[in-house]
Each structure stands twice: as C-alpha cells, then as structure tokens.
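**Q** Have a look at this one before I ask anything.
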Amino acid sequence: MSIDVVLTQKGIFKKPMPLEVILGKELAYGKMEGFRLIRGQLGETEFLAYHPEHIARGFSVIWSPEEKERIQLRALMPSTEAELRDFYDAVDRMVSYWNGRLEVDGAPMNADQFQAGFSEMVSFQQRALEDMCRNILAGKNGDLTLFSARWPLVVGKEEAYRFLEEPETFGQWLHEKQSIDAYYAAPLFFNGPVGILGRYVLTEEVRSIFPTQPSVPFGAIDPKTNQKPVCNDFAIALYSTTRGTVIGEIPYDRLLQKIPPEKVSQFDGGTVLLEPLSLSEMEALLDN
C-alpha cells in the first residue's frame with residue numbers, strides 16, 4: 001500500500017524545484033543500490049527521503065534538478081505518524097514553491113484538502129498495521145518484508161504480536177533496526193557450469209546482517225531471460241581485508257551451524273546479526 005502524489009507546476013514562467021525545498025531543514029536523502037541505501041547520494045531520476053531522528057520506510061521522490069513540470073512522490077504504508085507528517089510537510093513546501101496542482105492516488109486534490117486528510121490517513125495507517133499483523137499471525141501472508149529507508153526489514157510472528165499489542169513500538173522498531181552500523185548482505189549472481197550461482201559476501205571485521213534463508217530478492221531479473229533468476233546454489237564468500245582476497249567459500253546452510261553462537265543474534269523476523277569475525281575466526285569456518 002502507498003500514497004502516490006503527483007505535483008505539476010502552474011504558470012508560464014516555470015522554475016526548477018530545489019532539493020532544499022523538498023527536504024526542508026530536517027530530512028536526509030540517499031539512493032537505493034540493490035536493497036541498501038547509499039546515504040547522501042542522489043539517483044539519476046529518483047531518491048529516497050527520510051528523517052534521521054525517526055528512520056522509518058522513507059518516501060521516494062522522482063525528480064531531477066532541472067525538472068520544471070512534474071514531480072512524483074510515494075509514501076509506503078504502514079509506516080509511522082512521524083514519517084507521514086514529514087511526507088505531508090514536504091508536499092506542502094513543494095506545492096507552495098511551485099504554486100502547483102496535486103493529484104493524489106489518481107484524483108485531483110487541492111493543497112488544503114490534502115492537508116485536511118492527514119488525521120484520516122494516520123488512522124488508515126494504524127488500521128493497515130493492525131491488518132498486516134493479524135494476517136501474519138493467522139498465517140495468511142507468512143513473514144512479510146517491508147521495504148524501508150536503509151534496507152528491508154522482515155516482520156515475523158514475534159514482531160507482529162508485539163506491534164498488535166503495542167502499536168507504538170512499530171516506529172521504535174523501524175528506527176532501532178536501521179540505526180545500527182552494519183552491512184546488509186544481498187546476493188550477487190553468476191552463471192555457473194550447471195546453473196546460476198548466488199553468493200553472499202562476509203567480510204573480515206565487518207558487522208553484517210544476513211538472511212536466515214538465502215533467496216533471490218524481489219525484483220531481481222536475469223538479463224538473459226528477463227525473468228526472476230532460479231538459483232539453488234547459495235554460498236558465503238569469505239573476504240579477508242587483511243589478505244585482500246576471498247579466502248574461501250562455505251555452503252550457505254553451514255554458516256549458522258559453524259559460526260560461534262556468541263557471534264550471532266536474531267535481528268528481525270528473517271535475518272540475523274553477525275558480529276565482526278577476525279581472520280582466524282573466518283578461517284575456522286572453512287575447517288571441515
């Protein structure tokens with residue numbers, strides 16, 4: 001679910017929209033690279049805006065510095081009331097700067113109407129969060145991946161129960177899980193002798209987030225077939241910064257079996273947090 005806003009500029013003498021107007025005084029930005037946010041960088045046509053003091057799901061902005069006609073924004077739901085306020089405030093700044101027209105979820109709307117609907121949208125988000133949690137607990141959707149500002153987060157049954165009982169903890173959880181200094185691992189794909197190989201990289205002395213079960217990420221496309229890649233060969237490549245090279249690979253399903261228990265903890269409903277491993281600890285993973 002999302003709120004989709006299209007802003008078009010009125011008038012004959014049109015002006016570009018400064019980034020400073022979109023962000024205001026408090027928002028930060030970045031571009032998505034794979035499933036990780038590269039903070040402080042802009043994409044060619046799109047970036048993600050978020051508030052560093054309450055990181056949630058972020059909202060996307062399709063924009064370029066020269067654009068004078070049309071800007072698109074999308075806020076994902078469920079998110080948080082604070083982030084929804086950031087989104088509404090950004091739209092308000094942009095409408096005022098361009099004296100622009102709004103289209104919200106395909107329907108024309110003036111700026112006052114849009115702002116007047118804030119409280120109703122907050123209530124809708126709360127219902128969306130409740131419905132999401134109930135569906136997960138009922139087994140209708142399984143665990144659910146929420147694409148968020150810095151990286152995806154997985155809501156499992158434990159999280160769903162917590163958010164249903166204490167909805168205010170949802171925003172705290174989103175911020176906490178995206179405030180840590182860690183590398184979010186995503187697979188690289190290669191053509192192997194008998195199929196596609198999926199390789200995650202575990203780097204020496206780097207705190208990392210890994211999925212409990214490897215998979216082909218949503219949206220990944222095989223350029224040869226233009227289809228989602230089919231991969232049944234996932235492994236961990238162990239990269240040593242000391243040696244400047246990959247020192248070996250282990251099958252993915254052996255990672256959690258071999259890593260020292262004190263080095264691993266549950267991160268969310270579908271990932272684990274691995275504390276930094278030394279070169280000797282990485283070499284021990286390769287021992288049979």
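The values are calculated or read from the model by the stated rules, or taken from the named source; none is laboratory data. Note that the structure is a prediction, hence the values are computed from the model and not measured. So basically every Cβ, Gly included, is an ideal-geometry build from the backbone, and we count neighbours across all protein chains shown. Keep in mind that these areas ignore ligands, DNA and RNA; they rest on the heavy atoms of the full protein, side chains included. Shrake-Rupley method; radii C 1.70, N 1.55, O 1.52, S 1.80 Å.
**Q** Angle, helix 118-137 long axis vs. longest principal axis of the chain, Cα atoms, 0 to 90°, nearest 10?
**A** So the inclination is approximately 30 degrees.
**Q** With a cut-off of 8 Å between alpha carbons and a minimum separation of six or more residues, what is the relative contact order of the range 1-106 in percent?
**A** Numbers: 202 pairs, mean separation 42.4, N = 106.
Computed over the range 1-106, the figure is 40 percent.
**Q** Under the 0.36 nm per residue contour assumption, what length would be gained going from the current alpha-carbon distance of K140 and V21 to full extension? Intermediate values should be presented prior to the final figure.
**A** Values: separation 119, 0.36 × 119 = 42.84 nm, distance 4.17 nm.
Gain on extension, K140 to V21, equals 38.7 nm.
**Q** Which value in nm describes the separation of the simple spin-label points at R254 and S280, placed 7 Å from the Cα toward the beta carbon?
**A** Using points 7 Å along Cα→Cβ, the separation is 2.2 nm.
**Q** Round to the nearest 10 and give me the degree value, 0 to 90, for the angle of helix 81-98's Cα axis relative to the longest principal axis of the chain.
**A** 50 degrees
**Q** Between their Cα atoms, which of K10/K31; K31/K228; K177/K228; K25/K157 are more than 30 Å away from each other? Can you show the working numbers first?
**A** Numbers: K10/K31 28 Å; K31/K228 23 Å; K177/K228 28 Å; K25/K157 37 Å.
Pairs exceeding the cut-off: K25/K157.
**Q** Let me ask another. Could you grab the relative contact order for the range 94-217? Cα pairs under 8 Å, six or more apart, rounded to a whole percent. Each step should come with its number before you reach the end.
**A** On the way: 102 pairs, mean separation 17.1, N = 124.
The normalised contact order for the range 94-217 reaches 14 percent.
**Q** Where the convex hull is taken over the Cα atoms of the range 165-249, what is its projected area averaged over directions, in nm²?
**A** On the way: hull surface 32.6 nm².
The directionally averaged projection comes out at 8.2 nm².
**Q** For the range 1-143, build the convex hull from the C-alpha positions and give me its volume per residue in Å³.
**A** On the way: hull volume 16.9 nm³, N = 143.
Per-residue hull volume (Cα only) is 118 Å³.
**Q** Once you order the gyration tensor axes a ≥ b ≥ c over the Cα atoms, which shape class does the range 138-179 get: rounded for a/c under 1.5, otherwise prolate or oblate by comparing a/b with b/c? Please list the in-between numbers first.
**A** Details: a/c = 2.88, a/b = 1.25, b/c = 2.30.
Since a/c reaches 1.5 but b/c is at least a/b, the shape of the range 138-179 is classed as oblate.
**Q** Against the longest principal axis of the chain, how steep is helix 169-178, in degrees 0 to 90 to the nearest 10, with axes from Cα atoms?
**A** Once rounded, the angle reads 60 degrees.
**Q** Ok, one more. Please compute the length gained on full extension between E205 and A237, using 0.36 nm multiplied by the number of residues separating them and subtracting their Cα-Cα distance. Intermediate results must be reported in sequence, preceding the final value.
**A** Details: separation 32, 0.36 × 32 = 11.52 nm, distance 1.42 nm.
Extra length from E205 to A237 when fully extended: 10.1 nm.
**Q** Okay, moving on. Just want the answer: with Cβ charges of +1 for Lys and Arg and -1 for Asp and Glu, which residue in F118, P65, G34 is farthest toward the dipole's positive end in the range 1-137?
**A** Value: P65.
**Q** Suppose R0 equals 45 Å; then what is the FRET efficiency for N191 and Q126 from their Cβ-Cβ distance, rounded to the nearest 0.05? Could you put the intermediate results ahead of the total?
**A** Working: r = 47 Å, r/R0 = 1.04.
Working from the Cβ atoms, E equals 0.45.
**Q** Which value, in Å² and to the nearest 10, is the accessible area of E262 when all protein chains are kept and the probe is 1.4 Å?
**A** Per-residue accessible area (E262): approximately 140 Å².
**Q** Could you pull the Cα extents of the chain along its three principal axes, largest to smallest, in whole Å?
**A** 70, 44, 37
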